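The values are calculated or read from the model by the stated rules, or taken from the named source; none is laboratory data. Since this is a predicted model, take the numbers as computed values, not measurements. Quick reminder, even Gly has a Cβ in these numbers, built from the backbone with ideal geometry, and neighbours come from all protein chains shown. The area values use the complete protein model at the heavy-atom level, side chains included, leaving out ligands, DNA and RNA. Shrake-Rupley method; radii C 1.70, N 1.55, O 1.52, S 1.80 Å.
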Amino acid sequence: MTLSNQNHLFSIPDEVTYLNIASLSPSFKAVEQAGLDAVLQKSKPYTIPVSDFFDPVTELKGLFSKLIDNDEPERIASIPSVSYGIATVTNNIKLNPNDEILVIEEQFPSNIYAWKKLAKKYDAKLVTIASPNLKVNNAKQWNLDILDAITSKTAVVALGNIHWSNGTIFNLKAIREKTNTHNALLIIDGSQTIGAVHFSIKEIEPDALICAGYKWLFGPYGCGYAYYGSYFDHGESIEDNWANRMHSEKLSDLTNYEEQYKPLANRYVVGESGDFIYVKMQIEALKQIIKWTPESIQAYCRSISFEATQQLITLGCQIEHPDYRTHHLFGVKLPENIDIKTLKTALQQHQIFVSFRGKFIRISCHLFNTEKDFIKLVDCIKSVIK
């Protein structure tokens with residue numbers, strides 16, 4: 001499928017160049033309307049049937065499962081955040097002294113703090129695989145370093161399928177093969193890719209996939225998704241809520257306390273997961289993403305950004321080779337002759353929104369962007385080069 005610009009589905013003014021969806025997505029109009037309708041319905045709670053606490057959640061799990069090529073929707077848990085999903089993972093892992101947990105350099109903190117705590121608890125080691133910082137073939141070498149670091153001591157590999165600030169792609173298939181060889185778990189943070197990049201549970205077979213919902217999945221802030229594989233089928237939840245138990249749909253029988261959980265990942269679902277406001281917004285968002293397809297989104301982002309990246313490289317910026325990074329999100333290492341403060345001021349004046357991540361600016365785009373947005377960005381950077 002070849003996609004055209006979809007700005008008409010959003011409410012972004014023409015003068016605004018929003019290249020920061022990796023921080024927070026704008027809602028498209030259908031998601032906005034779903035939220036407004038649900039808020040108004042809350043004003044008349046007598047119109048909300050009991051089924052609204054359950055049936056939309058079932059639909060949501062099915063949609064997210066379709067997006068990630070998962071045949072078992074009951075392996076999906078709705079969660080409020082990545083940190084919640086990772087906490088559930090670490091709550092169900094036991095380690096031996098000197099076991100190793102592998103992470104990558106400058107990984108997002110929600111996927112670090114819990115691992116630090118787990119390593120300390122069992123006297124294990126948190127091993128960070130640093131970027132080689134090469135001007136050429138950096139991603140290729142980084143992937144080789146990750147694979148070399150997976151040994152018989154490795155108990156867990158926890159990383160995103162790309163680096164969240166520069167878009168470097170990590171070879172999950174090769175990493176999965178190596179972890180299988182050493183009986184190590186593979187825990188993936190898909191927050192910066194799911195919805196914009198092809199991902200298949202069947203192909204990668206991760207032990208867990210945790211994903212924020214307010215970025216590339218266009219959900220409201222405070223929602224997320226988790227896939228838990230068979231390793232976690234009989235684990236301990238970090239909370240006990242009534243809706244996760246068998247027969248919870250029968251509200252009149254709730255005091256007939258039920259020891260048995262609903263199957264698979266349902267035990268890990270956050271309390272009040274049936275939030276009829278958030279869920280209805282998420283459903284509208286996922287329906288549209290599935291219609292667009294992540295593959296087509298990625299192709300569109302490449303088409304509008306490729307020429308600009310070549311111009312930025314000519315200006316002295318450093319960008320990973322296009323075969324080793326994503327196109328919806330990528331990092332631009334700025335040349336030494338740019339004053340960051342001056343650039344930030346210029347971007348603000350031109351209403352261009354990007355993220356600054358260390359020595360990089362992180363650019364993230366979607367179907368509401370056009371090639372003109374990138375021309376505007378390049379011209380702004382060019383204007384402040386000394």
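What is the local net charge at Ala130, summed over the other residues whose Cβ is closer than 11 Å to its Cβ (Lys, Arg +1; Asp, Glu -1)? Charge balance in the 11 Å sphere: -3.
Cross-link partners of Lys376 among lysines, defined as those whose alpha carbon lies under 29 angstrom from its own and excluding same-chain residues fewer than eight positions apart: Lys29, Lys135, Lys215, Lys333, Lys341, Lys344, Lys359, Lys386.
Distance between the C-alpha centres of the stretch 94-111 and the stretch 316-386: 31 Å, rounded to the whole angstrom. Rounded to whole numbers, the Karplus 3J(HN,Hα) couplings from phi for the stretch 56-70 are x, 5, 4, 5, 4, 4, x, 5, 5, 4, 4, 5, 9, 6, 10 Hz, using 6.51 cos²θ - 1.76 cosθ + 1.60 with θ = phi - 60°, and x at Gly and Pro. Could you state the number of Å between the C-alpha centres of the stretch 177-230 and the stretch 1-27? The stretch 1-27 and the stretch 177-230 have Cα centres separated by 24 Å. In the full protein context, the stretch 30-175 carries 48 Å² of accessible surface per residue, based on a 1.4 Å probe and ignoring ligands, DNA and RNA. Solvent exposure of Leu315, expressed as accessible area, is near 50 Å², computed with a probe of 1.4 Å over the protein chains only.
Accessible-area rank, largest first, for Tyr84, Tyr225: Tyr84, Tyr225, with all protein chains present and a 1.4 angstrom probe. Only aspartates and glutamates eight or more places from Lys117 in sequence, or on another chain, were considered; those with a Cα closer than 15 Å are Asp99, Glu100.
For Gly160, the amide hydrogen comes within under 5 Å of the amide hydrogens of Asp189, counting only partners 5 or more places away or on other chains and with H modelled in the peptide plane. Distance distribution note for the stretch 112-152: the fraction of Cα pairs above 12 angstrom is 65%.
For the chain, carbon and sulfur atoms together expose 52% of the accessible surface, with a 1.4 angstrom probe and every protein chain in place. Its Cα centre serving as origin, the stretch 233-314 has a Cβ charge dipole (Lys and Arg +1, Asp and Glu -1) of approximately 460 debye. Per-residue Karplus couplings for the stretch 119-133, computed as 6.51 cos²θ - 1.76 cosθ + 1.60 with θ equal to phi - 60°, are listed in order as 4, 5, 4, 10, 6, 9, 10, 9, 9, 9, 8, 7, 5, x, 6 Hz, Gly and Pro entered as x. Could you tell me whether the stretch 76-121 comes out rounded, prolate or oblate from its Cα gyration tensor? Rule is a ≥ b ≥ c as square roots of the eigenvalues, rounded for a/c under 1.5, then prolate if a/b exceeds b/c, otherwise oblate. Here the stretch 76-121 falls in the oblate category.
Pairwise inverse Cα distances across the stretch 208-247, averaged and inverted, put the Kirkwood hydrodynamic radius at 12.2 Å. For the chain, take the alpha-carbon Rg, divide it by the Kirkwood Rh, and send me Rg/Rh. Looking at the chain, the ratio lands at 0.99. Helices in the chain, meaning DSSP H runs of at least 4 residues, each add -39500 (n - 2.57). Divided by all residues, the mean residue ellipticity at 222 nm is -11000 deg cm²/dmol. Look at the Cα gyration tensor of the stretch 318-386: its axes a ≥ b ≥ c give a/c of at least 1.5 with a/b at or below b/c, and that counts as oblate.
Relative contact order for the chain: 25 percent, from Cα pairs under 8 Å spaced at least 6 residues apart, divided by residue count. Counting other C-beta atoms within 10 Å, and keeping those with at most 15, which DSSP coil trypsin sites (Lys or Arg not before Pro) do you find in the stretch 322-373? Sparse-neighbourhood loop trypsin sites (Lys or Arg not before Pro): Lys359.
Kirkwood hydrodynamic radius computed over the stretch 170-235 comes to 12.7 Å, based on all pairs of distinct alpha carbons. Binning all Cα-Cα separations of the stretch 228-386 at 10 Å, short to long from zero, yields these whole-percent fractions: 9, 26, 19, 17, 16, 10, 3, 0. The listed residues Asp207, Asp55, Asp14, once ranked by accessible area (1.4 Å probe) with the largest placed first, stand as Asp14, Asp55, Asp207. Taking the Cα centroid of the stretch 28-50 and of the stretch 113-130, what is the distance between the two, rounded to the nearest whole Å? Here the two parts' Cα centres lie 43 Å apart.
Restricting to the chain, what percent of DSSP beta bridges are antiparallel, rounded to 5? Within the chain, antiparallel bridges account for around 50 percent of the total. Each Lys and Arg contributes +1 and each Asp and Glu -1, all at the Cβ; summed about the Cα centre of the chain, the dipole is approximately 1040 debye.
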